[in-house]
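Single-structure report; data block below.
The values are calculated or read from the model by the stated rules, or taken from the named source; none is laboratory data. Quantities reported herein were computed from a predicted structural model and do not represent experimental measurements. Positions of Cβ are backbone-derived with ideal geometry, glycine not excepted, and every protein chain shown enters the neighbour counts. When the accessible area is computed, the model is the full protein with side chains, heavy atoms only, and any ligands, DNA or RNA have been set aside. Shrake-Rupley method; radii C 1.70, N 1.55, O 1.52, S 1.80 Å.
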Amino acid sequence: MRKNTCCLCIDVSVVITFIHPLNFHACLGGTACVLTGQPFDTAKVKMQTFPNMYKGIVDCFVKTYKQVGFQGFYKGTTPALVANIAENSVLFMCYGFCQQIVRGIVGVDRKTKLSDLQNAAAGSFASAFATLVLCPTELVKCRLQAMHEMQLSGKIVQGHNTVWSVVKGVIQKDGPLGFYRGLSSTLLREVPGYFFFFGGYELSRTFFASGRSKDELGPIPLLLSGGFGGSCLWIAVYPVDCVKSRIQVLSMAGKQAGFMGTFVTVVRTEGVLALYSGLKPTMIRAFLANGALFLAYEYSRKLLMKQIDSY
């Protein structure tokens with residue numbers, strides 16, 4: 001009886017550790033990340049979808065401000081915030097369970113510390129679940145961010161300027177499944193991307209720990225490790241994200257080719273470098289936002305583990 005109780009406590013601690021901290025800090029840290037990083041994300045989507053309209057990040061910022069004002073940088077903030085909270089909550093919740101799955105696959109005890117490679121694999125598995133909640137909100141976000149460019153280019157006559165109008169338009173035109181346009185591209189980005197994300201984060205923590213326990217690392221190493229992990233993700237999968245953005249935005253104007261069709265068209269007509277349009281603002285945002293994300297995650301996890309240990 002005692003043995004069963006202990007197993008139950010371990011399971012409960014896993015659930016509490018990976019669900020509660022992210023629900024708490026995703027609302028606070030996620031809000032801060034989106035509000036500070038949204039202008040860079042908006043520039044990324046604009047430059048990915050309409051690379052010929054902008055010479056670079058500065059040109060994109062200047063033209064956006066002149067044409068639509070300061071609020072233009074925060075188009076899509078509401079779905080971006082929902083996407084950030086939902087994705088990170090599901091991602092880190094599933095990350096904990098996927099770590100247990102990896103332990104089962106390699107045949108080690110559930111309390112055994114996983115290697116950096118094994119943690120990367122767990123993060124990659126977890127990202128597949130996060131994709132299901134991310135895709136619909138990201139589609140709405142991207143469409144709002146590039147709505148002005150869609151009108152300027154003549155691809156649409158009148159754009160939707162609110163979250164509800166975009167949601168309503170998707171339902172009327174394509175039905176509920178319309179929110180999952182670009183799902184395969186999102187999966188192709190998330191699954192390998194989060195392997196590099198968690199792998200880069202864990203490798204960086206190992207470097208800073210220098211033989212000590214990773215749990216002893218302070219805020220600066222955690223910030224740098226999170227930023228490094230985020231940078232690894234975007235460098236590895238940025239062309240896939242570029243294709244995803246085009247599919248989700250340009251499908252407003254009519255039927256859009258799938259991942260391979262869009263990828264081949266971009267490379268053939270615009271060149272390989274077009275797949276890297278908007279990389280600079282993405283890297284700036286990725287380092288800052290993911291550094292803050294992992295810092296909040298680690299400290300909230302430690303706090304709850306102390307509370308669990310005190311029972």
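Between residue 210 and residue 180, take the C-beta separation as r, use R0 = 51 Å, and let me know the FRET efficiency to the nearest 0.05.
On the way: r = 45 Å, r/R0 = 0.88.
Computed FRET efficiency for residue 210 and residue 180 comes out at 0.70.
Return the calculated 222 nm mean residue ellipticity for the chain, to the nearest 500 deg cm²/dmol, obtained by summing -39500 (n - 2.57) across DSSP H runs with n ≥ 4 and dividing by the residue count.
The helix-only estimate for the chain comes to -27000 deg cm²/dmol at 222 nm.
Roughly how many Å² is the accessible area per residue of the chain, as a whole number, for a 1.4 Å probe?
Per-residue accessible area for the chain comes out at 48 Å².
Magnitude of the Cβ-charge dipole of region 124-231, K/R +1 and D/E -1, about the Cα centre, nearest 20 debye?
So the dipole magnitude of region 124-231 works out to roughly 280 debye.
Can you order the peptides 242-248, 104-110 by their average number of other Cβ atoms within 10 Å per residue, highest first?
Packing order, densest peptide first, comes out as 242-248, 104-110.
Which translational diffusion coefficient, to the nearest whole µm²/s, is obtained for region 138-255 from the Stokes-Einstein equation, given a Kirkwood hydrodynamic radius over C-alpha pairs, 25 °C and 0.890 mPa s?
Once the numbers are plugged in, D ends up at 149 µm²/s.
Over the Cα atoms, compute the radius of gyration (one decimal) and Dmax (the largest Cα-Cα distance, rounded to a whole number) for region 201-243, in Å.
Using the Cα atoms of region 201-243, the pair Rg, Dmax is 12.8, 42 Å.
Could you please report the charge total around residue 88, scoring K, R as +1 and D, E as -1 over all other residues with beta-carbon less than 14 angstrom from its beta-carbon?
Surrounding charge for residue 88 is -3.
For region 204-311, what's the radius of gyration and Dmax over Cα atoms, in angstrom?
19.6, 63
If you take all C-alpha pairs in region 51-165, what percent of them are over 19 Å apart?
Roughly 60 percent, rounded to a whole number.
Quick one: net charge around residue 275, please, counting Lys, Arg +1 and Asp, Glu -1 for every other residue with C-beta under 15 Å from its C-beta.
For residues surrounding residue 275, the net value is +4.
Over 19 Å between Cα atoms, which of 141/173; 44/173; 111/306; 46/244 qualify?
Violating the 19 Å Cα-Cα cut-off are 44/173.
Let me know the charge dipole size of region 25-114 about its Cα centre in debye, to the nearest 20, where only the beta-carbon of Lys, Arg (+1) and Asp, Glu (-1) is charged.
120
I'm checking a number: the convex hull volume of the Cα atoms of the chain, normalised per residue, in Å³. What is it?
With only Cα atoms used, the chain gives 145 Å³ per residue.
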